[in-house]
2 protein chains.
Amino acid sequence: MNDESDASPLTGDDLATWAALATVLEWLPPALDAGLARDVDLTHFEYGILYALATSPERTLRMSVLAGYANSSLSRLSRAATRLEGRGWISRTRDPADGRSTLALLTAQGLEVFERATPLHERNVRALVLDPLTSAQKQQLRAISERIQRAIRENGGWAPR
Amino acid sequence: MNDESDASPLTGDDLATWAALATVLEWLPPALDAGLARDVDLTHFEYGILYALATSPERTLRMSVLAGYANSSLSRLSRAATRLEGRGWISRTRDPADGRSTLALLTAQGLEVFERATPLHERNVRALVLDPLTSAQKQQLRAISERIQRAIRENGGWAPR
DNA sequence: CCTCTTTAGTTGCTCAGTCAAGTTAATTCA
DNA sequence: TGAATTAACTTGACTGAGCAACTAAAGAGG
């Protein structure tokens, strides 16, 4: 697995680190989705939307604010909202105070789904991420993740529109 | 291995760790793709295919083996191969030794693209992941990633088909 | 006021990925 | 040997996401 020394090839420990992370980036999201998708019919992304609404005053948020909380583009959120609305889990109304804005509201039914989904989701996160790690590793992972986030922001900073 | 009780909501340090990782899971892949997509017309996943082929004897691999290297389902790989073949970067032929198998070969043109893409990709990986971290953190990240991989495998093990 | 621009969201088009069904080639074993 | 099974892909139908174009409502400037 080690090889030539051109301009700057990734080798040795760096390569191993990157390969290990790359596999996690590929596997973890679908693994997390799998549980939720099987038990409730919900992706991790959709769960995040319900979570943001459920923990908001009035269970209501403007779409653009919700997009921020969900790390999402407005377009992606809009489509997800259409799906969730179709299932009766959220509803959208025009903001009376500013006709351009749309207010998303978690319905009673949506809240129920959220409450059913939450323990499943947390069990997943624990089983796949938190429980296998030592306390020290969890601290490390947090610091590392925050550092990488910063690097992303600084390097042409990718952010959803 | 753990402090917080198993049935209760994520809180405190655990929540912070999870939130930090979740954001990385959401942001890092598109951030990595952005550079490659802009400069060469290649996703990170497609780059992985070229990489696997370029570093193989004869620059050739059976599709199913390649799928393993690329962490991919055969179906996903097959579609990606169709795209890459359309651009003349790989070619597929039936394996003479076993007519069920397909051999994917990196073409000269494909190799050229790979060699152009490699420094860009590595610059990305370094800028976003490796350079911001200390040596100790890189070691930690590797160990953590490997541990999470194992947890995924053990928990109903998600693996691409 | 009446344009001109900006803000907030939605939607048409296209593409990548999943699942399941289909195809062709090897294997098994009765 | 020949029918049934398994293996290795490929493909059709469908879904989710991105980009860019579009609509509607504020706000700004003259």
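The base-10 log of I(q)/I(0) for the stretch A:80-154, evaluated at q = 0.18 Å⁻¹, reads -0.86 [Debye formula, identical scatterers on Cα atoms, solvent excluded].
Mind checking the stretch A:19-125 for trypsin sites (Lys or Arg not before Pro) that DSSP puts in a loop (not H, G, I, E or B) and that have at most 12 other Cβ atoms within 10 Å?
A:ARG100
Each copy carries a label point for B:ALA54 at 7 Å from Cα along the beta-carbon vector; from one copy to the others these points are 4.6 nm apart, nearest first. Within the shell defined by Cβ-Cβ distances under 14 Å, the residues around B:SER145 carry a net charge of +2, with Lys and Arg each +1 and Asp and Glu each -1. Each other copy holds its own label point for B:ASP131; taking that point as 7 Å from Cα along Cα to Cβ, the gaps run 4.0 nm, nearest first. Between 0 and 90 degrees, the angle of helix B:44-54 with respect to the longest Cα principal axis of chain B falls at about 50 degrees.
Going out from 0 in 10 Å bins, what whole percent of all Cα-Cα distances in chain A drops into each bin? Whole-percent P(r) values from 0 Å outward: 9, 29, 31, 20, 8, 3, 0. Close amide H contacts of B:THR102 (hydrogens built in the peptide plane, cut-off under 5 Å, sequence separation of 5 or more or a different chain): B:MET63, B:SER64, B:ASP95. Taking Cα centre as origin and charging only the Cβ of basic (Lys, Arg, +1) and acidic (Asp, Glu, -1) residues, the dipole magnitude of the stretch A:77-134 rounds to 240 debye.
When each copy gets a label point 7 Å from Cα toward the beta-carbon at B:GLU85, what are the spacings between them in nm, shortest first? In nanometres, ordered from closest: 4.3. Where Rh is the Kirkwood radius over the Cα pairs of the stretch B:31-117, the temperature 37 °C and the viscosity 0.692 mPa s, what D in µm²/s does Stokes-Einstein return? So the translational diffusion coefficient is about 255 µm²/s. Between the Cα long axis of helix A:12-39 and the first principal axis of chain A there is an angle of about 30°, rounded to the nearest 10. Karplus-based coupling profile of the stretch A:102-108, in residue order and whole Hz: 10, 9, 9, 10, 7, 7, 4, with θ = phi - 60° in 6.51 cos²θ - 1.76 cosθ + 1.60 and x standing for Gly or Pro.
Take every Cα pair under 8 Å whose residues are at least 6 apart in sequence, average their separation, divide by the length of chain A, and the relative contact order is 21 percent.
Once the C-beta distance of A:ARG62 and B:ASP95 is scaled by a Förster radius of 35 Å, the resulting FRET efficiency is 0.05 to the nearest 0.05.
Can you show me the helix-derived [θ] at 222 nm for the protein assembly as shown, built from DSSP H runs with n ≥ 4 at -39,500 (n - 2.57) apiece and divided by the number of residues, rounded to the nearest 500.
That comes out to -20000 deg cm²/dmol.
Among the GluC sites (Glu not before Pro) found in the stretch B:59-157, not one is both in a DSSP coil and sparsely packed, with 14 or fewer other Cβ atoms within 10 Å of its Cβ.
Here the protein assembly as shown is described by how far its Cα atoms reach on the three principal axes: 63, 42, 39 Å, from widest to narrowest. Evaluating 6.51 cos²θ - 1.76 cosθ + 1.60 at θ = phi - 60° for every residue in the stretch A:75-87, the Karplus couplings come out as 5, 4, 4, 4, 5, 4, 4, 4, 5, 5, 5, x, 8 Hz, glycine and proline recorded as x. Close amide H pairs (under 5 Å, H built 1.01 Å from N) link A:ILE90 with A:GLU85, A:THR107, residues at least 5 positions away or on another chain.
Bear in mind these aren't lab numbers, they're just calculated from the coordinates by the rules spelled out. Note that the structure is predicted; figures quoted are calculated from it, not measured. Glycine also receives a Cβ, built like all others from the backbone with ideal geometry; neighbour counts cover every protein chain displayed.
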